[in-house]
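Taking it in order: structure first as structure tokens, then the write-up.
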Amino acid sequence: MQMHDSKLVPSLAIHNVNAPLTMSSREIAEITGKRHDNVMRVCRDLKASSVTPQIEETPFVNPSNGQTYNEFRLNKRDSLVLVARLSPEFTARVVDRWMELEEAGAAKPIDYANPAVVLGVIGHLQHQVSKLEGRSKTLDRLEGAKGSMCISDAAKTLGVGRDHLFQFMSSRRWIFKRAGNKNWLAYDDKRKALLLEHDDHLYLDNLGHERVATRVLVTAKGLVKLAELLEQPLH
């Protein structure tokens, strides 16, 4: 196949390296020398006839006037079908451009023969292992610790907001409130699993009368479990 001068073809942007490569109907209009509205009409015809059923119109902003218009974004197969319908003589040019685009987007293999590359890989792996070992030691230390803490202190330890942790624990069915009661209580299964416990303490109400209130405490085991669920580092 004869290769054409790539300078004749507009540059195709890779919008997301993790997304499939696509070519816009505007770019195809430039390659084939067709009006974009005519290209859009053919795209709609191909979609309606189920030749390219998956293509969709998407908006784009024209940088020259700031106005928003529609275009189609097509994968390799659909762009070739479109060009074949518009101008078969330009098919080779589009194929050439797709080859360039795919080569540019392909991941380059790691050169393990390069000592600097090998040292860089080893250093990265050592750093990851060190982080995992440090976290494992912290979790082991906390799980083996004695005593419990209130949810507010647990939030500080976990590095999250107090209200966020209350909401998180409530949504995961760790804690709840009885109707007409403002105090949080622990679910029985979390107490039996030694993740939470209750603490009864005395306080004075507005009239100066002694009252007994129950509050939820997070055990060391519960703190470790919450850290895993939250995927937050422990401080």
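The values are calculated or read from the model by the stated rules, or taken from the named source; none is laboratory data. Computed from a predicted structure; not experimentally measured. With ideal geometry, Cβ positions are generated from the backbone for all residues, glycine too; neighbour counts draw on all protein chains shown. All accessible areas refer to the heavy atoms of the entire protein, side chains included, with ligands and DNA or RNA removed. Shrake-Rupley method; radii C 1.70, N 1.55, O 1.52, S 1.80 Å.
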How far is it, in nm, from the label point at L194 to the one at R172 when both lie 7 Å from their Cα along the line to the Cβ? 1.9 nm
Across all Cα atoms of the stretch 30-104, Rg and the largest Cα-Cα distance (Dmax), in Å, are 13.0, 34
Extended-chain gain in nm, criterion 0.36 nm per residue less alpha-carbon gap, F60 and A48: 2.1 nm
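Which links in K156/K182; K47/K76; K156/K177; K177/K221 stretch past 19 Å when you go from one Cα to the other?
With Cα atoms farther than 19 Å apart: K156/K182; K156/K177; K177/K221.
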Roll a 1.4 Å probe over the protein chains and send me the accessible area per residue for the stretch 36-97 in Å². 54 Å²
Ranked packing of 152-164, 25-37, most packed first, by mean Cβ within 10 Å: 25-37, 152-164
